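The values are calculated or read from the model by the stated rules, or taken from the named source; none is laboratory data. Source: prediction; values computed, not measured. Please note: Cβ atoms are built from the backbone with ideal geometry, for glycine as well, and neighbour counts cover all protein chains shown. Accessible surface areas use protein heavy atoms only, side chains included; no ligands, DNA or RNA. Shrake-Rupley method; radii C 1.70, N 1.55, O 1.52, S 1.80 Å.
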Amino acid sequence: MCEILEMDNIDKGEVIDLSNQQDKSIFFLKKGTVKIIDSKSDTVKYIVKKGNIFGELSLQDTNQSTHEKAIALEDSIICYIEAHRMEKLMEKHKSLKNGILKIYGLRIKKLERRLRDLLYKDSASRISDFIKDYILEFGEEEGHKIVAKNLLSHKDISNLTNTSRQTVSNVMSQLRKDSIIDYNTQYISILKEPIPT
């Protein structure tokens, strides 16, 4: 499969418009992190980390009605393939098709959780849970802490938690004051949970 993929280096801040491509493509993120934005409302839909795919809606959306763009949160490397070629590969290789379905399933679970949180949690809890989940998903262990790159703006976090930017700032300040998280412009960290004995 590697022989038929195109590869590009994407600079931090560069935009990949997923809705205006003549030949719709599926993207594999080989290095870096990107955020997927609804280009109509200019809100963040989800974050993609290294080893995952994006643009896969073009496999289902033959009307080209998706309105998404991807923005590199850091220097990244993407590999891509046209959607029609990907469909042929998926017909030949069932494991590839199952992998795509698994990604859909994980995204649906995350959306269900966001909806449940919106219904049953206050804004401070949603923000706190999101930040902890972000650090655990994107971070790496360093001593007694888990450290992740601080790639999201307060506006991004407010989009992902359906809150205001000011509320995000207040909650993050309180979490830092309570020594739950620590952050600066480059990194955000949380203490590792002690292992129960």
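Counting residues in the stretch 127-143 that are more than 25 Å from E74 (Cβ to Cβ) and over 13 Å from the mean Cα position of the chain (by Cα) gives zero. With respect to the conditions (1) open to solvent by 40 Å² or more (accessible area, probe 1.4 Å); (2) assigned to a helix (DSSP H, G or I); (3) of a type outside the set (K, R), M172 falls short on a single one, namely (1).
Within the stretch 128-137, one or more residues are among the aliphatic types (A, V, I, L, M) and open to solvent by 60 Å² or more (accessible area, probe 1.4 Å).
Just to be sure before I move on: is N150 on the phi < 0 side of the Ramachandran plot and of a type outside the set (D, E, K, R) in the structure I sent? Spelling it out, N150 is indeed on the phi < 0 side of the Ramachandran plot and of a type outside the set (D, E, K, R). The one condition from (1) open to solvent by less than 50 Å² (accessible area, probe 1.4 Å); (2) among the polar types (S, T, N, Q); (3) closer than 28 Å to L29 by Cβ that N162 does not meet is (1). At least 2 residues being closer than 30 Å to Q174 by Cα is the threshold, and among the strands (runs of 3 or more DSSP E) wholly inside the stretch 27-140 those reaching it are 33-38, 43-49, 68-72.
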